[in-house]
Every structure is written in structure tokens, then in C-alpha cells.
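Take a look at the structure set out below.
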Amino acid sequence: MTRTILTAIFLILFSQTAWAEKLNAELLCEGYWNVDFRSVQGEDAFAAMMILEFLKEQMTAERRQFSQRISIKDSVLDEQISLKVTDTLIEADKRAIPTEILSDLPFVVSSAYLSIDRLTGKITGKIEIEEFKTEDALFTENPKDAEFKKGLAKLIKGLDIDGECKKLDPQKKLF
């Protein structure tokens, strides 16, 4: 499940109309993702606090790590998502995400942004989630856990990404 979500994140974040330069690169990006949670008020606050405490115990550094290979050809990721490429940055946001990619995700994205510094390899990103689609298989495959997952989904506000990318072709100066 983590791999599917990370692949979806990278597909979302690498969507932007291409600019002048055509970039060709094979990158390996590694780092950590973190979950941002919503504030909960009223009668749901205690239940939310208990779920958050449980999650903090479960979300060890090892579980939050990602390692994703990225293939960019002519400033296009996976032959379908155009990127904005400058001399120093590879950037993407939500504006040009193909509808079929968005409709396949188990959540509704309100905004997304990702940046890779081409000189240092630093990658940062943020996805803001409007809501989860609770009719998705993620919530219906195991009815025993469905209520917990739905409660958790209400708390998740988004994801932050922080890491480093390395070029897989060491002869190129920039990626």
C-alpha cells in the first residue's frame, strides 16, 4: 500500500506544463514522508487524540522512508506528465494532472507541489488532501478495520516530502 501511495504522490507532484529545456534523467529519490493532521474539536477530539497517539507509535522512521526511481524523458514523467524545468529546479504542481490519475487516487487532492533542486538534489514537496474517498477498496477490503480507517482518513490533512535525489547517470553534470 505504501508503494502505491508513493507512486501516486510522485505522479501527482510531477505534473506541470514543460518549459523551454527538455530534460532527460533517471533519478533515485530517497527520503522521508510525514503526515499532517487536521485539528479536531468537540466530541471527536478524544477519539482523534487516541488515534494520533497510536499512529505516532506506528510511524517509525523506517516506515516513513521512501525510495523511488524517477524516469524523465523530454521533461515528461512516465510519458504522460509534463514538468516545469529551469536551470536550477524541476518543479511540479497540481494544475496539469491528468484526470485519470486523480480519479484513481483514494483521496481528493486540493493542492500539490514538489521541487527538486538540480544542483543539490534536495527534494521537497507537499500534498494537501481535501478528503478521502471512503468507498475506495482501501476502506472496503477489510470491513473489520473500515471504521478505524475512515476515522483516520478524516484526520489526515496532507503529506510532506523531504529527501535527496541522485542521478543514476553519473556522467551528466545536472539532472
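Here is how the numbers come out for the structure above:
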quantity: Pairs from Lys84/Lys122; Lys94/Lys166; Lys73/Lys167; Lys84/Lys133; Lys126/Lys149; Lys126/Lys150 whose Cα-Cα separation, in the structure shown, is over 18 Å; calculated: Lys94/Lys166; Lys84/Lys133; Lys126/Lys149; Lys126/Lys150
quantity: Label-point gap, in nm, between Glu53 and Ser111 - each point 7 angstrom along Cα→Cβ; calculated: 3.3 nm
quantity: Simple label model, 7 Å out from Cα along Cβ direction - Thr134 to Glu91, nm; calculated: 3.8 nm
quantity: Solution diffusion estimate, µm²/s, Stokes-Einstein, the range 121-166, Kirkwood Rh from C-alpha pairs, 37 °C, viscosity 0.692 mPa s; calculated: 265 µm²/s
quantity: Net length gained if the chain between Leu119 and Glu30 were fully extended (0.36 nm per residue, minus Cα distance); calculated: 30.4 nm
quantity: Chain lengthening between Phe46 and Lys166 when straightened (0.36 nm per residue, less Cα-Cα); calculated: 38.9 nm
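Coordinate-derived values only; no laboratory data. Model, not experiment: these values are computed from the prediction. Note that we place each Cβ from the backbone using ideal geometry, even for glycine, and neighbour counts take in every protein chain shown.
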